[in-house]
1. Can you give me the Kirkwood hydrodynamic radius for segment 59-125, using every pair of distinct Cα atoms, in Å to one decimal?
2. Stretched out fully, how many nm does the piece from Lys104 to Asp45 gain, at 0.36 nm a residue minus the Cα gap?
3. Which pairs in the list Lys34/Lys69; Lys116/Lys143; Lys87/Lys120; Lys9/Lys78 are over 21 Å apart, alpha-carbon to alpha-carbon?
4. Given charges of +1 on the Cβ of Lys and Arg and -1 on the Cβ of Asp and Glu, with all other atoms neutral, how large is the dipole of segment 18-148 about its Cα centre, in debye to the nearest 20?
5. Cβ neighbours within 10 Å, averaged per peptide: list 2-10, 47-55 in order, most packed at the top.
6. Give me the extension gain from Arg81 to Leu128: residue separation times 0.36 nm, minus the current Cα-Cα distance, reported in nm with one decimal.
7. Counting residues in the chain as N, plug N into 2.2 N^0.38 Å and put the Cα Rg over that result.
8. With the calculation restricted to Cα positions, what are the radius of gyration and Dmax of segment 3-87 in angstrom?
Amino acid sequence: MSLRADITKHITAAMKAGEKEKLSTLRMLLSAAKYKEVDLKRELDDTEFQQVASTLIRQRQDSIEQFVKGGRQELADKEAREIEFLKSYIPAQLGVDEVRAIVKKAAADSGAAGAKDMGKLMKAVMPLLKGKADGKLVNDIVKEVLGA
């Protein structure tokens, strides 16, 4: 079953259960996917659907930072709950240690040694980690490994 069908089924279940927050989050995900489909002029496959969900998660994380800085903890909590709903539609993310091991191996294979090789190393690791780890986390670990 496609991810779109799963989401539609979960929307129906959330409506029946009266889970308003989950319902609005799932509708937001479906809406964002439809906008992407209009841009691309075709239906999204499951991988692209997961990318849309990942984008929404990143947006929520940025919002949480801003809400916490602004002293709006209740809004930050709402965004965190939305992230939890959205995480079920993306593949399991790798841990920090797993990402670090992949980055170190790629650095050794590509011969990246210093800050000047950061772009080279990022090009080597991103295809390996796309969808499996947050880009910001990968960037931070690459900097750490290269001593930048």
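We did not get these values from a lab; they are worked out from the coordinates using the rules stated. Just so it is clear, the model here is predicted, and its values are computed rather than measured. Every residue, glycine among them, receives a Cβ derived from its backbone with ideal geometry; neighbour counts consider all protein chains shown.
1. Kirkwood hydrodynamic radius for segment 59-125: 14.6 Å.
2. 18.0 nm
3. Values: Lys34/Lys69 32 Å; Lys116/Lys143 11 Å; Lys87/Lys120 30 Å; Lys9/Lys78 23 Å.
As for pairs spanning more than 21 Å Cα to Cα, those are Lys34/Lys69; Lys87/Lys120; Lys9/Lys78.
4. Result for segment 18-148 is approximately 280 debye, rounded to the nearest 20.
5. On the way: 2-10: 15.3, 47-55: 18.0.
Order by mean packing, descending: 47-55, 2-10.
6. 14.0 nm
7. Compared with the compact-globule rule of thumb, the chain sits at 1.23.
8. Calculated on Cα positions, Rg and Dmax stand at 13.8, 42 Å.
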